[in-house]
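The values are calculated or read from the model by the stated rules, or taken from the named source; none is laboratory data. Everything numeric here is computed off the predicted structure, so don't read it as measured data. FYI the Cβ positions are ideal-geometry reconstructions off the backbone, even for glycines, and counts take in every protein chain you see. Accessible surface areas use protein heavy atoms only, side chains included; no ligands, DNA or RNA. Shrake-Rupley method; radii C 1.70, N 1.55, O 1.52, S 1.80 Å.
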Amino acid sequence: MDTPPAVSWLEKLIPAVWYGSLTVFVAIAAALSILLYITHADSRKRVLSTLLIALVGLLVVNVSPPTESGQWVRQAAVIVLGLAMIRLWAMLLFRLLLPVLRIHPPRILEEILVVLGYIAWGLVLLRLAGLDLSHIVTTSAVITAVLAFAMQDTLGNILAGLSLQIDNSVEIGDWIKSGDLVGRVVEINWRATSVETRNWETVVVPNSVLMKNHFSILGKRRGNPQQWRRWVWFNINWDTLPTQIIGVVEKSLREAQLPGVAATPAPNCILMGFENGYTRYAVRYWLTDLAADDYTDSIVRTHIDAALRRHNLRMASPYYNVLTIKENEKYIEARMKRHLEERVLALRKVELLSSLNDEEMVVLADQLKFTPFVTGDIIMHQGAVAHWLYIMLSGEVEVWVELPDSGRKLVDVLKSGSFFGEMGLMTGESRTSTVIARSNVECLRLDKDAFQSILVSRKELAETISAILAQRLEEQRNRAPDSALDAEGDAPRRAELVDRIRSFFGLNKH
């Protein structure tokens with residue numbers, strides 16, 4: 001015989017006439033694969049690995065020697081090459097060609113088609129090897145029944161996955177909630193749906209389980225952007241009117257423009273009920289980044305707390321019967337004394353108050369109000385009237401000026417130890433700039449009423465303070481000559497400032 005029997009059988013399995021057309025077929029697929037690789041970043045890994053297998057298989061087919069062992073290697077390479085090409089052409093069809101025609105079938109159909117292609121390729125190989133497929137057909141009823149019984153869960157998952165994707169019940173990227181599971185859908189394949197949670201866990205849920213149980217798609221409403229309503233709760237004592245609480249909280253949240261909080265619908269505060277000794281409120285806002293729920297809740301809570309503290313409003317605390325003893329009273333007294341000393345030190349850093357004696361410093365320190373702000377809070381509005389001065393304990397603030405010609409302009413950044421608002425405290429003039437918290441800021445606020453008694457008893461302080469004010473205004477003008485901090489013209493002279501201070505505090509009447 002010219003050819004060994006094994007080689008003859010192998011040539012019958014994969015006809016040699018196929019080899020010539022394989023190169024052209026693989027070359028076309030490779031060209032389209034390069035286009036798919038460039039345009040679809042999510043498919044690059046699979047495209048690259050599948051194309052590499054196909055090219056290696058094609059290379060083996062073309063370089064295998066015409067020996068018995070070479071024929072074995074060549075036939076095996078053709079089988080592997082066929083499997084790779086089925087996978088590759090399925091990706092090209094579903095991810096490149098059909099989208100060009102504006103057809104976007106579910107991804108699970110691609111996987112089912114690949115499986116069917118593998119089965120068809122196996123049947124073709126069996127037919128070429130000389131196996132009579134009619135024997136398989138005659139026994140197919142029994143085989144089908146056995147397979148259906150053995151694979152009922154698998155078939156259920158496949159059909160459930162098809163149903164989920166065909167009717168668009170769930171899409172890749174959706175946030176879902178099913179029982180205790182909350183996460184983002186990252187993959188729906190023939191068997192299961194993969195969900196990534198906020199705890200960096202990937203939960204694999206069988207499609208049939210997801211199909212049989214109800215689940216919620218978070219933040220999704222037709223015709224609207226993805227955003228999810230969140231609730232933040234807090235309690236306030238009965239002493240304050242609900243309308244005041246609601247107004248303070250809503251104004252703070254809407255002005256701050258918090259990251260992750262939707263501007264529309266705007267955050268709102270509502271009264272939820274009356275409990276034992278306090279009223280219960282809730283802030284409802286719409287979250288735009290569903291992966292940052294707890295973090296954004298925390299930002300909203302800090303703004304609520306800071307806004308309430310600025311208006312001397314306190315959250316309600318539980319009631320307890322506490323037994324007080326002398327040691328506790330001594331501890332409280334020592335703590336208050338330490339805080340008073342810290343406030344006196346902060347006052348001494350204010351150049352405007354440098355002429356006050358120790359007794360006057362203590363009087364003022366006792367009347368200072370702790371005033372916190374959160375990043376993004378507007379501390380002062382340009383043009384607003386407020387009769388107090390801020391002393392910064394920590395953080396940074398930005399000073400902005402609205403100019404008629406050039407618009408809004410940043411003129412200064414103040415850090416810990418600085419103070420601002422002195423003209424409003426001493427002369428009652430409207431604010432000449434807008435001050436915004438660049439970071440979390442802690443301030444002490446000095447009001448006009450606290451300073452009134454000292455100026456009445458020591459009228460000569462008006463002249464000393466006016467000199468410091470005039471010098472400070474001149475320094476501000478030299479530091480930012482083009483900022484037009486005083487839009488009315490030249491800075492007021494010392495004598496003019498003295499008259500303003502006396503008139504504002506009513507010193508001329510005493």
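Could you grab me the full set of residues in region 59-80 that are over 16 Å from THR23 (Cα atoms), assigned to a helix (DSSP H, G or I) and of a type outside the set (Ser, Thr, Tyr)?
Once the filter is applied, which keeps residues that are over 16 Å from THR23 (Cα atoms), assigned to a helix (DSSP H, G or I) and of a type outside the set (Ser, Thr, Tyr), region 59-80 yields GLU68, GLY70, GLN71, TRP72, VAL73, ALA76.
Among (1) open to solvent by 10 Å² or more (accessible area, probe 1.4 Å); (2) at pLDDT below 80, where does PRO99 come up short?
Tallying (1) open to solvent by 10 Å² or more (accessible area, probe 1.4 Å); (2) at pLDDT below 80, PRO99 fails exactly one: (2).
Quick test for you: out of LYS369, LYS409, LYS415, LYS459, pick the one residue that is under 16 Å from ARG500 (Cβ atoms) and of a type in the set (Lys, Arg).
LYS459
Six or more apart or on different chains, Cβ atoms under 6 Å: show the pairs whose first residue is in region 206-225 and closer than 30 Å to ALA263 by Cβ and part of a loop (DSSP other than H, G, I, E, B) and whose second is open to solvent by 70 Å² or more (accessible area, probe 1.4 Å) and not small (Gly, Ala, Ser).
GLY219/GLN226
Could we say that ARG230 is within 30 Å of MET380 (Cα to Cα), open to solvent by less than 90 Å² (accessible area, probe 1.4 Å), modelled with pLDDT of 90 or more and among the basic types (Lys, Arg) here?
yes
Which residues, taken from region 189-203, are of a type in the set (Ser, Thr, Tyr), closer than 26 Å to THR296 by Cβ and either assigned to a loop (DSSP other than H, G, I, E, B) or open to solvent by less than 70 Å² (accessible area, probe 1.4 Å) (or both)?
Answer for region 189-203, where residues must be of a type in the set (Ser, Thr, Tyr), closer than 26 Å to THR296 by Cβ and either assigned to a loop (DSSP other than H, G, I, E, B) or open to solvent by less than 70 Å² (accessible area, probe 1.4 Å) (or both): SER194, THR197.
Going through GLU68, GLU111 one at a time, which residue ends up being within 20 Å of ARG46 (Cα to Cα) and either at pLDDT below 80 or among the hydrophobic types (A, V, I, L, M, F, W, C) (or both)?
Step by step, each of GLU68, GLU111 is checked, and only GLU111 is within 20 Å of ARG46 (Cα to Cα) and either at pLDDT below 80 or among the hydrophobic types (A, V, I, L, M, F, W, C) (or both).
Do any strands (runs of 3 or more DSSP E) lying entirely in region 357-435 carry at least 1 residues that are within 26 Å of VAL456 (Cα to Cα) and open to solvent by 20 Å² or more (accessible area, probe 1.4 Å), and which ones are they?
Numbers: elements: 369-373, 378-380, 388-394, 397-403, 407-414.
Result: 369-373, 388-394.
Considering only region 436-469, state which residues are within 19 Å of GLN367 (Cβ to Cβ), under 37 Å from the mean Cα position of the chain (by Cα) and open to solvent by 40 Å² or more (accessible area, probe 1.4 Å).
Across region 436-469, the qualifying residue is only GLU442.
Would you check which residues across region 25-57 are open to solvent by less than 90 Å² (accessible area, probe 1.4 Å) and closer than 21 Å to GLN75 by Cβ and list them?
If the condition is that a residue be open to solvent by less than 90 Å² (accessible area, probe 1.4 Å) and closer than 21 Å to GLN75 by Cβ, then VAL26, ALA29, THR50, ILE53, ALA54, LEU55, VAL56, GLY57 are the ones that fit.
Suppose the filter is in contact with a Lys or Arg (Cβ under 7 Å, 6 or more places away or on another chain), in contact (Cβ under 8 Å) with a residue 60 or more places away in the chain and open to solvent by 10 Å² or more (accessible area, probe 1.4 Å); does ALA291 pass it?
Values: in contact with a Lys or Arg (Cβ under 7 Å, 6 or more places away or on another chain): yes; in contact (Cβ under 8 Å) with a residue 60 or more places away in the chain: yes; open to solvent by 10 Å² or more (accessible area, probe 1.4 Å): yes.
The answer is yes for ALA291.
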